[in-house]
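Everything on this sheet refers to the single structure shown next.
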Amino acid sequence: MGTPRISYIPLEKMDAAMREEMERCAREGTPRPESSAVRAHVPAAFWSFANPWRDIYRNGVCDHAIKELCRLYVSRAVKCEFCGNQRSLKAFGSALEEKQTDDLVNFERSSKYDERQKAALAYAEAIVWRLDTDDGFWERMHRNFSEPELVELGCMIGLTLGQQSWLRLLDIEHHQVMAGTAASMAPGFESAAALAQTKADPSYWAKKA
């Protein structure tokens, strides 16, 4: 594991509210503590992510599992390994299965997603890749989602796209801040040793040439 391009702020330099949020990150994940410890350089940046992420990702009007699929799609699209190697306990503990992470890039041809999930992933795809959309696209969106759901989902995708596009540059890694917990880690990433072994596998999803 390398040195992050922007340092982690130690817990003892954070105020009580920020430390409480860091404890939640270690306990529940998505996000894990490392990315929050980088944002902690600027408390306004720390909270400008933590609060909307709570309100439109972890909570809100749209199914959380749908939002988690879209978050993982963004991870695959921008190759943010830090984010892509996490899983929402809330989503994968009930509605999603690990096998559904395999076909995210080719979701339209996959049998692992239902129509509503595919529509959400098409929405994420259009946002990430700045695709042109037509009446058929929007008829599909409105057939599967209410307007409040489309607003929340679009804002969540935009938020995670911006953050993941930034985080992939920083060389941050799991198990470097508040180490010792495996909350929200994907299978094979539960510890620093397991993470290193998984990343060394030729079939690792973000394997670099």
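The values are calculated or read from the model by the stated rules, or taken from the named source; none is laboratory data. Here the structure is a predicted model, which is why all the values come from computation and not from measurement. Heads up, the Cβs are rebuilt from the backbone with ideal geometry, glycines too, and the neighbour counts pull from every protein chain shown.
Scan region 160-167 and give yes if some residue there is in contact with a Pro (Cβ under 8 Å, 6 or more places away or on another chain), surrounded by 18 or more Cβ atoms within 10 Å (Cβ to Cβ) and closer than 27 Å to Cys62 by Cβ, otherwise no.
no
Name the single residue, out of those in region 33-67 being within 21 Å of Ala95 (Cβ to Cβ) and of a type in the set (D, E, K, R), that is nearest to the chain's Cα centre (by Cα).
Taking the candidates together, the pick is Lys67.
For Asp102, work out the one condition from (1) surrounded by 11 or more Cβ atoms within 10 Å (Cβ to Cβ); (2) of a type outside the set (A, V, I, L, M, F, W, C); (3) closer than 25 Å to Ser203 by Cβ; (4) at pLDDT 95 or above it doesn't fulfil.
That leaves (4) as the condition not met.
Scan region 144-161 for residues that are more than 11 Å from the chain's Cα centre (by Cα) and in a helix (DSSP H, G or I) and jot them down.
Asn144, Glu147, Pro148, Glu149, Leu150, Val151, Glu152, Leu153, Gly154, Cys155, Gly158
In region 168-200, what residues are surrounded by 15 or more Cβ atoms within 10 Å (Cβ to Cβ), out of contact with any Leu (no Cβ under 9 Å at 6 or more places or on another chain) and not aliphatic (A, V, I, L, M)?
Once the filter is applied, which keeps residues that are surrounded by 15 or more Cβ atoms within 10 Å (Cβ to Cβ), out of contact with any Leu (no Cβ under 9 Å at 6 or more places or on another chain) and not aliphatic (A, V, I, L, M), region 168-200 yields Arg168, Gln176, Thr181, Glu190, Ser191, Thr198, Lys199.
Specify the residue that is modelled with the lowest pLDDT; the eligible residues are those in region 1-47 that are assigned to a loop (DSSP other than H, G, I, E, B) and hydrophobic (A, V, I, L, M, F, W, C).
Here the residue is Met1.
Which of the residues that make up region 134-172 are among the polar types (S, T, N, Q) and free of Cβ contacts under 8 Å to residues at least 40 places away in the same chain? Break it down into steps so the answer makes sense when it comes.
Filtering region 134-172 for residues among the polar types (S, T, N, Q) gives 144, 146, 160, 163-165.
Once the filter is applied, which keeps residues that are among the polar types (S, T, N, Q) and free of Cβ contacts under 8 Å to residues at least 40 places away in the same chain, region 134-172 yields only Asn144.
Residues that are in contact (Cβ under 8 Å) with a residue 24 or more places away in the chain and among the small types (Gly, Ala, Ser): does region 111-118 have at least one?
Filtering region 111-118 for residues in contact (Cβ under 8 Å) with a residue 24 or more places away in the chain gives 113, 115-117.
Right, trim to among the small types (Gly, Ala, Ser) and you get none.
Taking every residue of region 111-118 in turn, none turns out to be in contact (Cβ under 8 Å) with a residue 24 or more places away in the chain and among the small types (Gly, Ala, Ser).
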